[in-house]
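> Provided herewith is a single structure, encoded as structure tokens, for subsequent inquiry.
No value in this document is a laboratory result; all are computed from the given coordinates. Quantities reported herein were computed from a predicted structural model and do not represent experimental measurements. No Cβ is skipped: glycine too gets one built from the backbone with ideal geometry, and neighbour counts run over all protein chains shown.
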Amino acid sequence: MTGYRIPFGGRIDRSRPLTFTFDGQSYEGYAGDTLASALVAAGVTVFGRSFKYHRPRGLVATGVEEPNALISLDRGADRVTPNLRAPQISLYEGLVAKSQNRWPSLKHDVAVLNDVFGAFFPAGFYNKTFMWPRSAWEKLYEPVIRNLAGLGESPVARDPDHYDATYAHCEVLVVGGGIAGMEAALEAAAKGGRVFLIDEQDELGGGALADTTLWATVDDLRARLAAADNVTVLTRTTAFGYYHQNFIGASERLTDHVAPFAAKGAREKLWRIRAGEVVLAQGAIERPLVFNGNDVPGVMLSNAARTLALRYGVAVGRRVVVMAAHDSGWRDALALHALGIDIAAIIDMRTVVPGDLADEVRAAGIPIYPGHAVTAVSGRLAVKGVTFAAYGTGKPHKLACDAVLMAGGWTPSVHLWSHAKGSLEWSDAWGAYLPAKAIENCRVVGACAGAWDLGKGEISSALPNAMSVRKQKAFVDFQNDVKARDIHLAVQEGFRSIEHIKRYTTNGMATDQGKTSNLNALQIASNVLGKPVTDIGLTTFRPPYTPQTFGSLMGHHKDALFQPLRKTVIDDWAVAQGAVFENVSQWRRARYFPKAGEGMDAAVGRECQAVRSSVGIFDASTLGKIEVVGPDAAEFLNRMYTNPWKSLQPGRCRYGLLLREDGFIMDDGVSARIAEDRFHLTTTTGGAPRVLSMMEDYLQTEWADLDVWLTSTTEHWAVIALQGPRARDVIAPLVEGIDLSPKAFPHMAVREGTIAGVPTRLFRVSFTGELGFEINVPASEGQKVWDAIFASGKQYGITPYGTEAMHVLRAEKGYIIVGQDTDGTMTPYDMGLDWAVGKKKADFVGKRSLARPDIVAKGRKQFVGLLTEDPYEVLEEGAQIVVHPDEPVPMTMIGHVTSSYRSTTLGRSIALAVLVDGHARMGETVHIPMPEGVIRAKVTGPVFYDSEGSRLND
Amino acid sequence: MIEIAPLAVSAADIKFGTAPVEGTILGKAVRLSPSQPLVRYSLRAKDIAVLAEALGRKLPEKIGTSLDGIARLGPDEWHALLPAGTGLPLVEGKPLAVIDVSARSVGIVVEGPGAAALIERGCPLDLAQFALGRATRTVFETVEMHLWALAPERYHVDVWRSFAPWLWNSLAEAIV
């Protein structure tokens, strides 16, 4: 035997030795090993340090339930994955693994002082102790605690891997590839239909892989599955969540089991599977026993030792003690003994065990101690021996050994069953909860259904001991360092429900979700409270079953495909012009078009001037557009908007103001009546989806009798805004079928014709205060029309302008932007839009709210203009406004700046604001305190330019 | 400190395809190509007979099916996808709505033995049950699209114009 490797057997490939490192030290293993099996084979006992007390910890399990052996796997600087469970890491050549939560090394950890003073760190300690002084929490306590109590370090580099994702459908999905799962899959496959079989291990077989007598059966079942062409088998795949209507989330690990240089393609694949029926064959997890010293490295689950020996050819020790409360421990002892491993003793809590087992064990020459319990374990970095006594209180005996196996019985895995809200029923025989009634079309088979013969056992809480529970190092939750005494303390503090006990002690709240600890905690609590287990409740399992990578959950959404970025058909042109962009909701829009050497202020100033003096061109395609069609279209809009719509003539436009039911402004836009029963609505860029769904909501739930339909046409139309005194001259040579003269085509009118040969809905509207048109053409022709207009405008110095100039131009005119100048609490009256409210209308959405007492009361914030005393001072948007700047902080704030710009047209700064009783404050001076000093400004009306509107109607 | 790339604008450079992408997915051949130009109409009415009469066409009755280029998407909603150069009358004065949305979307044709697998990567429909003649509104991840089963192993995907570059590239990335 080299190290602890058994010279024969196991499913490893001894012809393929592999070299790997753990904490910098080189080791050897074989293909088919896990990191855990290879390290145990090499004689390693300490795998990590515990979360709170920094106690040295060894391997407990060989499955996903492993609470201690959390490892960082280093696949290159940007591919470090923390917190992987050693028994789940497949070995490959050159694997680099590191332990966690220790400094400076695993064997010498400074923070182990926590353990020495562990008596002072009971459950609830942190909450009670680190409260005072409060200021120290953020700067001192929290960083230090975070540093000490921890798991692995998060990777800091950008993940270079990519991840795949797909949906899939099947008639039957089986979770768990043990014998029960494989049989269920074959049975389903025989009925025809698509079958999925998912298993988290490297190979199918489940628990049978640790039982050589079942290997032939496993091989046979595997061959039959491979031959069935309607079965999809996914190994290395974890079904991590069971969601509504048989929707299963599963993550397939594609490359982590091969060396980094050999890894090709996506790292993981997210499977989103909808199944007709789900069959859960998750098996059962062995339960540790709670006794003093049960966390010394070398104390592990009995089944783990069996798996290491039979599946991986590794002995957990040379002289092994079995501490059992269940028959399965006896069977494991016999299996190990058959491989030549010395079993020093089987100690069993029970006084009676099945006769045949006892006979077999006696025949093997293994000493047995029924009615005894381990009371102490010696050794710190590895087990050296045990002390045990009759009923834990009798005369102590000592035994030298290098491993202790715990056989505490079995807990059926009901995790996914619980995700799906299946009910559970307590089983005395199992000492555990079993699935009872399903909600989904789901059934359970094998051990997780309680339908597997694992032998009989007796369920205890903690093992009896003459020592007080307060002094014992008897761990319940290894990962969160919860001891039996913490459960006692929680009960003593008055907690009665397991939900509260769980939160007070943090039992079951580690990343393993208490796979090995929940039932033991429940039993202890039940014992202390003197109530049956079923009376103190059960905590809930939630997805994910095991921790998953963010990459897997993100799937396709990475880098360029992270999320769609919406661009208009003019975007390419704007890029070629060197535009600077900004994102507005999902859209990207040209913000300004700088010429060489120009900054934003200069570019925006130039763009504004071009619009005021000649003509500017602007891509308004992102404006939301809704086509409202049907005989009741006018009636519908009349009910939605604040102003009257029935009287609007075809060919005319109207500004529409949309309120929510609470009377506050939700959106606005200019809309046109194209025909008797056809309207073309516009909304703000960001507001389009919300306006459409609000209107659709009213239509479907309130006014289903109306014959009118809403269709989003945002993306059908490219919209080219042409603004400035020369706008008409620019389009005149391009337009056919429309009389452009001011008389025939006044402001706020719409006409249909062609422009550059393309059918258009031509709006005469303005968001700048200048003569202007908004040219709607099908998006597919947008660039062509834009080019034609731009060419035609050359002689007038046509200037492209962006959203920034658009904002300045509209602010000079006092036109509001919903969402910038309003904040969801502004009424039309607050915004000075009284003219847009139809006083004679019987009703519209929000009308009744406009009469609410607090809406008509004095003291509301109202929309005003602000002119700073220093004309070159540009206020900060969002800055607070006060009356008396000498007031001590916090001063009485009476409003804030909503929009603020440098206006080239006016040769000074302008600002818009909302101000308490602002309409009555015209001419008053207000103060805006800023870090650099107090700025004084005069309250004015919000229209700074051409207040008569003469330029609009040219 | 973690350097965070400007993720939200990272899709700025992706473009809608102008040439077909051919290859395989899971070993099965698949081809992605921009569709021929089409005209599109949103058709709405509470009464199928009123709409059929106004258009002078037979309309599909079952939701999620199509007939001669018109799909029934919902109880009062149909959608026409017709060859360029044809058209439907914009009927007025009747309890119905005909809206030209030709330029709103662009089409993508996905064909070949791997077509279903390619679409199922981001679309939650069970395409094995999506028989010939089916047409429906659905999603690919977060993006809405219309899906038509036009011929065996041949699907037409219609997607709003501004989402098309993202969808095209999301489909194309899986073709090897």
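> Find the eigenvalues of the gyration tensor of the Cα atoms of region A:200-278, then list the square roots of 5 times those eigenvalues as equivalent ellipsoid semi-axes, largest first, in whole angstrom.
Its equivalent ellipsoid spans semi-axes of 23, 21, 12 Å.
> Now, a different point. Report the convex hull volume per residue for region A:317-383, counting only C-alpha atoms, in Å³.
Each residue corresponds to 80 Å³ of Cα convex hull volume.
> With every atom except the alpha carbons ignored, what do you get for Rg and Dmax of region A:365-477, in angstroms?
18.5, 55
> Find how many whole Å separate the alpha carbon centroid of region A:728-780 from the alpha carbon centroid of region B:10-56.
So the two Cα centres are separated by 31 Å.
> Where the centre of each part is set by its Cα atoms, how far does region A:257-306 sit from region A:650-664, in angstrom?
That distance is 60 Å.
> How shielded is B:85-95 by partner chains, expressed as the average number of their Cβ atoms within 10 Å of its Cβ atoms?
Across the residues of B:85-95, the mean count of other-chain Cβ atoms within 10 Å is 3.
> Once you list every other residue whose beta carbon is under 10 Å from the beta carbon of residue A:512, what net charge do they have if Lys and Arg are +1 and Asp and Glu are -1?
Residues close to residue A:512 contribute a combined charge of -1.
> Here's a follow-up. Can you give me the long-range amide H partners of residue A:391? Hydrogens built in the peptide plane at 1.01 Å from N, cutoff under 5 Å, separation of 5 or more residues or another chain.
Those lying under 5 Å, H to H, from residue A:391 are A:372, A:373.
> Okay, moving on. On C-alpha positions alone, give me the angle between the axis of helix A:327-338 and the longest principal axis of chain A, in degrees, nearest 10.
70 degrees
> Just the Kirkwood number for region B:39-100, please: inverse of mean 1/r across all distinct Cα pairs, in Å, one decimal.
11.4 Å
> Averaged over peptide A:710-720, how many Cβ atoms belonging to another chain are found within 10 Å of each residue's Cβ?
5
> Once the Cα atoms of helix A:179-190 and of chain A are each reduced to a long axis, what angle between those two axes, in degrees from 0 to 90 to the nearest 10, is obtained?
The angle comes out near 60 degrees.
> Measure out, as a whole number of angstrom, how far apart the alpha-carbon centroids of region A:408-422 and region A:889-954 sit.
That distance is 65 Å.
> Exposed loop sites here are chymotrypsin sites (Phe, Trp or Tyr not before Pro) in DSSP loop states with at most 12 other C-beta atoms within 10 Å. What is the longest stretch of chain A lacking them?
Counting at most 12 other Cβ atoms within 10 Å as exposed, the longest clean stretch of chain A is A:118-871.
> Could you tell me what % of all Cα pairs in chain A have separations over 43 Å?
When every Cα pair of chain A is considered, 53 percent fall beyond 43 Å.
> Kindly provide the pair-distance distribution of region A:193-324 built from C-alpha pairs, with 5 Å bins from 0 and whole-percent values in order of increasing distance.
With a bin width of 5 Å, the distribution comes to 2, 8, 14, 15, 16, 16, 13, 9, 5, 2, 0.
> So who's got an amide H within less than 5 Å of the one on residue A:278, skipping anything under 5 residues away but keeping other chains? H placed 1.01 Å off N, in plane.
For residue A:278, the qualifying residues are A:173, A:442, A:443.
> Follow-up. On C-alpha positions alone, give me the angle between the axis of helix A:688-701 and the longest principal axis of chain A, in degrees, nearest 10.
Tilt of helix A:688-701: around 80 degrees.
> For labels at residue A:356 and residue A:887 in the simple 7 Å Cα→Cβ model, what's the distance in nm?
8.9 nm
> Same structure again: What does the charge add up to near residue B:73, with Lys and Arg as +1, Asp and Glu as -1, over the other residues with Cβ less than 15 Å from its Cβ?
+2
> Give me, ordered by chain and number, the residues 5 or more places off residue A:410 or on other chains with an amide H under 5 Å from its own placed amide H.
Residues meeting the amide H criterion: A:287.
> Another question, then. Using only helices, what value at 222 nm comes out for the protein assembly as shown when you add -39,500 (n - 2.57) per DSSP H run of length 4 or more and divide by the total residues, to the nearest 500 deg cm²/dmol?
Estimated from H runs of four or more residues: -5500 deg cm²/dmol.
> Take the Cα coordinates of region A:602-810, assign each an equal point scatterer, and use the Debye formula without solvent to give log10 I(q)/I(0) at q = 0.10, 0.14, 0.17 Å⁻¹.
Rounded to two decimals, the profile gives -0.43, -0.82, -1.15.
> Next question, about the same structure. Can you check what the net charge comes to around residue A:281, using other residues whose Cβ is under 14 Å from the Cβ of residue A:281 (Lys, Arg +1; Asp, Glu -1)?
Once positives and negatives cancel, what remains is -4.
> On to the next question. Provide a whole-number value for the mean count of partner chain Cβ atoms within 10 Å of the Cβ atoms in peptide B:161-168.
Across the residues of B:161-168, the mean count of other-chain Cβ atoms within 10 Å is 6.
> Output wanted: per-residue J couplings in Hz (rounded whole) for region A:826-835, from phi through Karplus 6.51 cos²θ - 1.76 cosθ + 1.60, θ = phi - 60°, x for Gly and Pro.
10, 8, x, 5, 4, 8, x, 9, 3, 4
> With both partners inside chain A, how many of the DSSP beta bridges are antiparallel, as a percent to the nearest 5?
So the antiparallel bridges in chain A amount to around 75 percent.
> Above 14 Å lies some portion of the pair distances; for region B:98-138, what is it as a whole percent of all C-alpha pairs?
62 percent
> Could you give the alpha-carbon Rg of region A:273-399 over 2.2 N^0.38 Å, rounded to two decimals?
Rounded to two decimals, the normalised Rg is 1.18.
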